[in-house]
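S.K.: First the structure, then my questions, so here it is.
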Amino acid sequence: MLQKSEFFKPIDKSEQDSEFIAMEPHSFWHDVWDRFRSNRRALIGLIVLLLIVLLAVLGPFFSPYPYDGMGTEVNRGPSGTHWFGTDALGRDLFTRVLYGIRISLFVGFVSTLINCVIGVLYGGVAGYVGGRTDAAMMRFVDVLYAVPSLLYIILLMMLFGANVGSIMVGMCVSGWVGIARLMRTQVISLKGREYVLAAYTEGAGPARILFKHMFSNAMSPILVQATLAIPQAIFQEAFLSFIGMGISAPQASLGTLAQDARMYMAIYPHQMICPIVMICIIIFALNFISEGLSEALDPTNSR
Amino acid sequence: MLKYIVKRLAMGVVTMFFLITITFWLTRLMPGSPFATDNISPSVLAALEANYGLDKPIDQQFVIYLQSLLQGNLGVSYTRTGVTVNDLIAQGFPVTLKLGLISFAIALVIGTVIGIWMSTTKSSAVKGWLITGSTLFISIPGFVLAIVLLMVFGQGLKVLPVLFDGSFLSYIMPVLALAVYPIAQISRLVHASYTEAMNQDYVVMARAKGLGKRRIQLLHILKNAMLPLITVCGPMIAFQITGSFVVESIFTIPGIGEEFVNSVNSRDYTVIMGLTIFLGGVIIITNLLSDLACALVDPRIKLDKAS
């Protein structure tokens with residue numbers, strides 16, 4: 001009787017699957033990218049920056065004028081042949097702006113990269129070793145932090161001459177200090193985590209624990225700090241060039257171009273407007289990216 | 001508390017010494033004698049160097065320099081005879097200080113108001129524009145702003161004087177150029193700390209007690225939200241000083257910043273050295289004061305900072 005099939009119905013399998021999570025497993029960076037993408041300001045910043053980088057890298061190859069090529073057409077306004085006009089020596093301003101962007105971006109990115117490497121190493125070691133070593137290392141950092149960097153960057157520039165190299169040296173003397181402090185606090189707070197202990201019991205050396213396990217967990221705040229440091233470095237370079245301490249002729253950064261145009265500002269305002277608008281756009285884009293990145297990396301910190 | 005203050009003061013002294021040492025050695029490493037020009041005879045050069053004490057061994061020069069610094073003597077200009085760095089500071093610093101304080105006070109008031117507006121507005125559109133605006137103004141370097149102001153109001157519309165003459169109208173552009181960045185920065189800072197303070201239990205409590213909206217905003221929230229501002233006052237002053245370099249040279253204001261830029265361009269090493277030490281000292285002292293003020297206002301700080 002009970003074996004009669006009409007008393008039994010097969011279980012509806014679909015109910016079993018109702019708690020199945022259909023979303024694909026996302027990696028951390030995938031999530032970050034999704035959050036970053038949903039931030040309109042940050043996305044616009046990224047696109048603008050990529051366009052500018054593309055322009056600065058590829059532009060000069062298509063430009064018919066060399067950046068230091070002088071001509072007889074002096075102080076021309078913007079036209080079809082010279083998009084941004086020419087300067088007092090007849091050099092094509094558009095080409096010079098493109099090279100200026102190259103230098104500004106190069107200074108910003110490379111100095112930040114160097115600072116990050118030094119800062120992570122220094123802060124990581126100080127936090128990991130701890131004790132007296134840490135105290136001594138951090139005192140040194142405190143001293144460097146308190147001395148206004150711009151003042152001795154100017155002195156270094158006078159000593160080594162006005163070129164990209166000496167600007168980099170100047171910015172890297174103390175630029176790593178912020179990153180080092182951040183890395184140190186991160187390492188100290190990560191020290192007691194279970195996975196660190198697990199790595200230790202498995203026989204991982206200090207270098208592996210520090211740079212593989214701890215660094216990958218400390219990366220978010222450091223990345224945010226780094227994206228903030230890039231526009232600051234560009235800012236500083238433009239500032240130094242503007243007060244006459246920057247890249248020397250015939251090379252020119254955006255700041256130098258603005259400085260050159262200062263004399264003729266009243267007569268040929270376009271020579272001033274082109275480079276300074278470009279500086280603003282770059283810093284603007286970078287600031288938006290860093291804002292978006294800090295929200296994407298740490299959603300609890302959304303503003 | 002006393003221990004923290006003593007420690008912090010000792011740090012300040014060490015930092016100052018570090019700054020002086022670096023500045024001295026970097027300046028001495030600069031190539032060439034400060035008096036070397038094409039048409040100078042070796043004997044005159046030697047006499048000049050002896051006159052300024054440059055013939056002595058360099059470590060002895062350093063000791064002499066330190067001694068004169070302790071007496072408050074920052075050195076003499078090598079390119080302009082008879083001009084001492086102290087004179088330049090006495091002439092230029094009051095002007096710079098006045099400009100810096102006016103713009104900083106304006107930035108503090110406007111920045112705080114905008115910051116509160118950002119946090120209390122119910123409209124997300126307004127908030128979005130305010131945040132975009134603050135990012136925009138943080139992205140504009142001071143010299144760019146100064147130039148744009150000069151082009152638009154000075155040369156274009158001709159409503160404000162291009163040259164600085166100390167009148168009220170001539171103050172407007174430099175003050176604006178110096179104040180915009182701190183306004184943006186302060187407003188973001190106030191926004192962050194105000195939003196945090198807004199959600200604290202004591203605010204809910206105050207509201208539950210039936211206190212007025214303004215009273216809660218000013219007395220309960222703002223008072224606590226202002227704390228982080230004290231910490232940034234030091235760096236802000238440093239920013240105002242470096243900002244004054246360009247703003248003063250663009251608007252030809254006879255301040256210490258313009259003096260610095262001029263001496264950089266004329267390679268007047270001793271003036272650069274003296275001004276660097278003076279400005280660095282001002283920045284170090286303001287940082288020190290803002291840290292101490294912070295520790296006094298908020299006793300929690302010394303515990304984790306002194307470690």
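The values are calculated or read from the model by the stated rules, or taken from the named source; none is laboratory data. Since the model is a prediction, treat every value here as computed from it, not as a measurement. Because the Cβ atoms are built from the backbone with ideal geometry, glycine has one as well, and the counts that use them run over all protein chains shown. These area figures cover heavy atoms from the full protein model, side chains too; ligands, DNA and RNA do not enter into them. Shrake-Rupley method; radii C 1.70, N 1.55, O 1.52, S 1.80 Å.
S.K.: Being at pLDDT 80 or above and under 14 Å from A:Tyr99 (Cα atoms) is the filter here, so list the residues in the range A:235-268 that pass it.
M.R.: A:Ala238, A:Ser253, A:Leu254, A:Gly255, A:Thr256, A:Leu257, A:Ala258
S.K.: Are any residues in the range B:267-289 among the hydroxyl-bearing types (Ser, Thr, Tyr) and within 11 Å of chain A (Cβ to nearest Cβ), and if so, which ones?
M.R.: Our first condition is that a residue be among the hydroxyl-bearing types (Ser, Thr, Tyr); within the range B:267-289, this holds for B:269-270, B:276, B:286.
Result: B:Tyr269, B:Thr276, B:Thr286.
S.K.: Among the residues of the range A:103-115, are any hydrophobic (A, V, I, L, M, F, W, C), closer than 30 Å to A:Ala162 by Cβ and more than 24 Å from the chain's Cα centre (by Cα)?
M.R.: Within the range A:103-115, the first condition is being hydrophobic (A, V, I, L, M, F, W, C), and the residues that meet it are A:103, A:105-107, A:109-110, A:113-114.
Next, from what is left, pick out any that are closer than 30 Å to A:Ala162 by Cβ: A:103, A:105-107, A:109-110, A:113-114.
Filter once more, so that each one left must be more than 24 Å from the chain's Cα centre (by Cα): none.
No: the range A:103-115 contains no residue that is hydrophobic (A, V, I, L, M, F, W, C), closer than 30 Å to A:Ala162 by Cβ and more than 24 Å from the chain's Cα centre (by Cα).
S.K.: Kindly establish whether B:Asp201 is charged (D, E, K, R) and under 23 Å from the mean Cα position of the chain (by Cα). Before the answer, list the steps.
M.R.: On the way: charged (D, E, K, R): yes; under 23 Å from the mean Cα position of the chain (by Cα): no.
Criteria not met by B:Asp201.
S.K.: Checking B:Ala107 against (1) modelled with pLDDT under 90; (2) out of contact with any Ser or Thr (no Cβ under 8 Å at 6 or more places or on another chain); (3) open to solvent by less than 30 Å² (accessible area, probe 1.4 Å): exactly one of these is not met. Which one?
M.R.: All conditions pass for B:Ala107, except number (1).
Yes/no matrix, rows are residues, columns are (1) closer than 30 Å to B:Ile253 by Cβ; (2) without any contact (Cβ under 8 Å) to a residue 60 or more places away in the chain; (3) basic (Lys, Arg); (4) open to solvent by less than 40 Å² (accessible area, probe 1.4 Å):
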position: B:Tyr4; (1), (2), (3), (4): no, no, no, yes
position: B:Arg8; (1), (2), (3), (4): no, no, yes, no
position: B:Thr15; (1), (2), (3), (4): yes, no, no, yes
position: B:Phe18; (1), (2), (3), (4): no, yes, no, no
position: B:Ile22; (1), (2), (3), (4): yes, yes, no, no
position: B:Val44; (1), (2), (3), (4): no, yes, no, no
position: B:Gly53; (1), (2), (3), (4): no, yes, no, yes
position: B:Thr81; (1), (2), (3), (4): yes, yes, no, no
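Here is a yes/no grid of residues against (1) away from chain A (no Cβ under 14 Å); (2) of a type outside the set (A, V, I, L, M); (3) under 25 Å from the mean Cα position of the chain (by Cα):
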| residue | (1), (2), (3) |
| --- | --- |
| B:Leu2 | yes, no, no |
| B:Leu26 | no, no, yes |
| B:Met30 | no, no, no |
| B:Pro57 | yes, yes, no |
| B:Ala90 | yes, no, yes |
| B:Pro94 | yes, yes, yes |
| B:Leu97 | yes, no, yes |
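S.K.: Within the range A:99-117, count every residue that is open to solvent by less than 60 Å² (accessible area, probe 1.4 Å) and aliphatic (A, V, I, L, M). Outline the logic, then answer.
M.R.: Within the range A:99-117, the first condition is being open to solvent by less than 60 Å² (accessible area, probe 1.4 Å), and the residues that meet it are A:100-101, A:103-105, A:107-108, A:110-112, A:115-116.
Among the residues that remain, those that are also aliphatic (A, V, I, L, M) are: A:101, A:103, A:105, A:107, A:110.
Adding up the residues that qualify gives 5.
S.K.: While we're here: So the check is Cβ under 7 Å with 6+ separation or different chains; which pairs have a first residue in the range B:269-290 that's open to solvent by 30 Å² or more (accessible area, probe 1.4 Å) and a second one that's assigned to a helix (DSSP H, G or I) and modelled with pLDDT of 85 or more?
M.R.: These pairs meet every condition: B:Phe278/B:Ile89.
S.K.: Does at least one position in the range B:220-235 carry a residue that is crowded, with 20+ Cβ neighbours inside 10 Å, within 14 Å of chain A (Cβ to nearest Cβ) and closer than 22 Å to B:Val297 by Cα?
M.R.: yes
S.K.: Look through the range B:246-266, keep the residues that are open to solvent by 10 Å² or more (accessible area, probe 1.4 Å) and touching a residue at least 60 places away in the same chain (Cβ under 8 Å), and return whichever of them is nearest to the other protein chains (Cβ to nearest Cβ).
M.R.: Looking at residues that are open to solvent by 10 Å² or more (accessible area, probe 1.4 Å) and touching a residue at least 60 places away in the same chain (Cβ under 8 Å), I get B:Ile250.
S.K.: Sticking with this structure for a sec: For A:Ser149, all conditions in the list (1) closer than 30 Å to A:Leu190 by Cβ; (2) at pLDDT 80 or above; (3) open to solvent by 20 Å² or more (accessible area, probe 1.4 Å); (4) within 14 Å of chain B (Cβ to nearest Cβ) hold save one; what is the number of the exception?
M.R.: Of the numbered conditions (1) closer than 30 Å to A:Leu190 by Cβ; (2) at pLDDT 80 or above; (3) open to solvent by 20 Å² or more (accessible area, probe 1.4 Å); (4) within 14 Å of chain B (Cβ to nearest Cβ), the odd one out for A:Ser149 is (2).
S.K.: Since B:Ser68 meets every condition but one in (1) within 30 Å of B:Ser290 (Cβ to Cβ); (2) more than 14 Å from chain A (Cβ to nearest Cβ); (3) open to solvent by 70 Å² or more (accessible area, probe 1.4 Å), which condition does it not meet?
M.R.: Just one mismatch for B:Ser68, condition (3).
S.K.: Can you name the residue in the range B:116-164 that is β-branched (Val, Ile, Thr), more than 8 Å from chain A (Cβ to nearest Cβ) and not in a helix (DSSP H, G or I) and is also most open to solvent (accessible area, probe 1.4 Å) among such residues?
M.R.: Residues of the range B:116-164 β-branched (Val, Ile, Thr): B:116, B:120-121, B:126, B:131-132, B:135, B:138, B:140, B:144, B:147-148, B:152, B:159, B:162.
Adding the requirement that they be more than 8 Å from chain A (Cβ to nearest Cβ) leaves B:116, B:120-121, B:126, B:152, B:159, B:162.
Adding the requirement that they be not in a helix (DSSP H, G or I) leaves B:121, B:159, B:162.
Working: B:Thr121: 31, B:Val159: 87, B:Val162: 57 Å².
So, considering only residues that are β-branched (Val, Ile, Thr), more than 8 Å from chain A (Cβ to nearest Cβ) and not in a helix (DSSP H, G or I), the one most open to solvent (accessible area, probe 1.4 Å) is B:Val159.
S.K.: How many of the residues making up the range B:67-109 are outside any helix (DSSP H, G or I) and of a type in the set (Val, Ile, Thr)?
M.R.: In the first step, residues of the range B:67-109 are kept if they are outside any helix (DSSP H, G or I); the result is B:71-84.
Filter once more, keeping what is of a type in the set (Val, Ile, Thr): B:76, B:79, B:81, B:83-84.
Summing the residues that are outside any helix (DSSP H, G or I) and of a type in the set (Val, Ile, Thr) in the range B:67-109 gives 5.
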